[in-house]
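A short write-up of the structure that comes next.
Taken together, the values in this text are just the output of simple stated rules run on the coordinates, not laboratory data. Just so it is clear, the model here is predicted, and its values are computed rather than measured. All Cβ positions, even for glycine, are placed from backbone atoms using ideal geometry, and neighbour counts span all protein chains on display.
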Amino acid sequence: MAGVAGRLARNWCRSAVLSPLQVFSFPSLQLHLSGTAMRASQDDFENAMNQVKLLKKDPGNEVKLKLYALYKQATEGPCNMPKPGVFDFINKAKWDAWNALGSLPKETARQNYVDLVSSLSSSSESSSQGKPGADREQQEYENLVVTSEDGITKIMFNRPTRKNAISTQMYQEIMLALKAASKDDSTITVVTGNGDYYSSGNDLANFTDIPPGGVEEKAKQSAIMLRDFVDTFIDFPKPLIAVVNGPAVGISVTTLGLFDAVYASDKATFHTPFSHLGLSPEGCASYTFPKIMGPAKATEMLIFGKKLTAREACAQGLVTEVFPDSTFQKEVWTRLKAYSKLPQNSMRISKQVIRKIEKEKLHAVNAEESSVLQKRWLSDECMNATMNFLSKRSKL
Ligand SMILES: CCCCCCCCCCC/C=C/C(=O)SCCNC(=O)CCNC(=O)[C@H](O)C(C)(C)COP(=O)(O)OP(=O)(O)OC[C@H]1O[C@@H](n2cnc3c(N)ncnc32)[C@H](O)[C@@H]1OP(=O)(O)O
């Protein structure tokens, strides 16, 4: 069906500039429109045919078939052509749409055609009346900017003065934004950072916000939150792309192994200083990194805290492609806009097929990593390293 849809779409492009005979339509609109007053003159009809060619937005195959059928009915009357063969997909879809109009009078079909074109013209005008050139902003978040445009939902970390460190509230916001993006009508979702960093990872101040139940309670709650957070990436149903605009640290690096593509500026670096902090890996990196780059290279990153340049991370397979920082945004967004036009269902299903076999394993790894960390957070090694950073703001 995707092939047919593609051909219908290409045919539509031609019909928009060539002939209304190539315009498609569908029968279900008949009921909805046939109650309207039948006053469309030949002039109205011809104007509507011209308006169709000027539509800014492709109305989709279903509407094109509706338009085609109404046009044929209005100009030739009921369909009396022989039914095309079963493999002649496009002509069969057009024939079906026209034939389904039955004995609808020519005048009614003409009126319905005019009404349908008029509704398309007004909806395309109103949709272009939003903030011109601006992204359509969705829900308000304190630490994120989430926008949707051109079939892409962009989730941008927005704590640039803290190098986009992820506070407890921000973990929650990221989960909410990903869940909303998984259900919206965008085809792909992009995660990126505002400012010079992609993200400096966990906000170490998260260790200072201790609830009445004490530090054990905090560790318990944090392990649940971490597990939920990483599960959201594991279960994300559509292509998830990281646009790594600058250095990435800790959990913002490990979760990259759960993205479908990672584009990086040549200014980005990749660093997981877990041992320096008395910690252990999370984000399923204990499983994904050895798989992506081999155990020896994964050890250098996850145990010894080796910082990789973007080009090294690309050579290891963690990054898909590296771009010069000067052209990074332009090149990446041009590419993403092209990808976002690919058929949505096909991309989702392909992702499902690619990831399905690993999902159960990833959930198990995530559970184990979170449980190990719950104990690590209570260790002297971790407490000392965290206090050292927070008191001296020592760099890792
Ligand atoms: C009891 C249990 C509680 C557990 C709660 C945990 C919940 C889930 C945990 C999930 C596991 C995640 C693990 C990780 O992500 S490990 C990695 C953690 N990140 C770091 O260790 C980075 C620390 N930051 C730095 O080393 C440097 O700031 C950095 C190299 C990133 C940048 O250096 P630079 O000199 O360029 O900039 P500044 O240091 O001046 O940064 C500007 C200000 O931002 C503050 N900052 C930056 N990053 C963090 C951070 N991760 N946490 C807190 N604050 C951060 C920095 O301190 C500066 O602030 P000031 O201007 O006030 O000094």
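Things to note:
- Stretched out straight at 0.36 nm per residue, the stretch from LYS330 to GLU368 would grow longer than its current Cα-Cα span by 9.7 nm.
- Inter-label distance for LYS356 and GLU76, nm, one decimal - labels placed 7 Å from Cα along Cα-to-Cβ: 4.3
- Between ASP266 and ILE224, the simple spin-label model (points 7 angstrom out along Cα→Cβ) gives 4.8 nm.
- Order by protection proxy (mean Cβ within 10 Å, highest first), peptides 77-89, 268-280: 268-280, 77-89
- Gained length - THR299 relative to HIS276, 0.36 nm times residue gap less alpha-carbon distance: 6.9 nm
- HN-Hα J in Hz across the range 299-315 - Karplus 6.51, -1.76, 1.60, θ = phi - 60°, x for Gly and Pro: 4, 4, 6, 7, 9, 8, x, 5, 8, 9, 6, 4, 5, 5, 5, 5, 4
- ASP266 long-range amide H proximity, modeled H, under 5 Å: PHE323, ASP325
- Under a 5 Å amide H cut-off, with hydrogens placed 1.01 Å from N, GLY195 pairs with nothing among residues at least 5 apart or on other chains.
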